[in-house]
Amino acid sequence: MEYLRAFVVGGLLCVVAQIIMDNTKLTPAHILVIYVTSGVVLTALGIYEPLIKFGGAGASVPLTGFGYALCKGVFKGVEKYGLIGAFTGGLQATAGGIAAAIIFGYIMAVVSKPKTKN
């Protein structure tokens, strides 16, 4: 049942993004920023935590989950270090994901043959 809930929650997040892309002039970069920001805002309002508990990886893996991790990291950082934790907590909480994105992006840049779009 856990897999089904994750699939439904993650799928719904993807469907919403696809509908936005199909019906607006927003680019994927705009939607990325909207999703990360909405993850932060929903976490700060206490709305995203129940979604994480219900949907598991379906809610924590997409871009909104990255915003959730940033926000939770900031909360922990502020609790532990005070005001400076507002700047360092989010990075500490998401450093693994950021490092993986950089490393895998670099590897793909090395092994891929770039082409220009016509």
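All of L83, L70 fail the test of being modelled with pLDDT under 95, of a type in the set (A, V, I, L, M, F, W, C) and within 26 Å of A6 (Cα to Cα), apart from L70. Among the residues of the range 17-31, not a single one is within 13 Å of the chain's Cα centre (by Cα), among the polar types (S, T, N, Q) and at pLDDT below 95.
Scanning the range 64-118 for residues being open to solvent by 50 Å² or more (accessible area, probe 1.4 Å) and either among the aromatic types (F, W, Y) or touching a Cys at 6+ places or on another chain (Cβ under 7 Å) (or both) gives a total of 6. Pairs meeting the criteria (first residue in the range 14-36 and more than 21 Å from G55 (Cα to Cα) and open to solvent by less than 80 Å² (accessible area, probe 1.4 Å), second residue modelled with pLDDT under 95 and outside any helix (DSSP H, G or I), beta carbons under 7 Å, at least 6 apart or on different chains) are I20/L26. Please enumerate the residues belonging to the range 51-62 that are in contact (Cβ under 8 Å) with a residue 12 or more places away in the chain and open to solvent by 70 Å² or more (accessible area, probe 1.4 Å). Listed by number, the residues that qualify are F54, V61. Screening Y48 against (1) surrounded by fewer than 20 Cβ atoms within 10 Å (Cβ to Cβ); (2) within 14 Å of the chain's Cα centre (by Cα) leaves a single unmet condition, (1).
If you go through the range 1-25 and keep only what is polar (S, T, N, Q) and in a helix (DSSP H, G or I), you end up with Q18, N23. When Y68 is tested against (1) within 14 Å of V36 (Cα to Cα); (2) without any contact (Cβ under 8 Å) to a residue 12 or more places away in the chain; (3) in contact with a Phe, Trp or Tyr (Cβ under 7 Å, 6 or more places away or on another chain), just one condition goes unmet, and that condition is (2).
The values are calculated or read from the model by the stated rules, or taken from the named source; none is laboratory data. Keep in mind that this is a model prediction, so the values were computed, not measured. Don't worry about glycine lacking a Cβ; one is built from the backbone with ideal geometry, like all the others, and counts go over all protein chains shown. Just the protein is used for accessible areas: all its heavy atoms, side chains included, with ligands, DNA and RNA removed. Shrake-Rupley method; radii C 1.70, N 1.55, O 1.52, S 1.80 Å.
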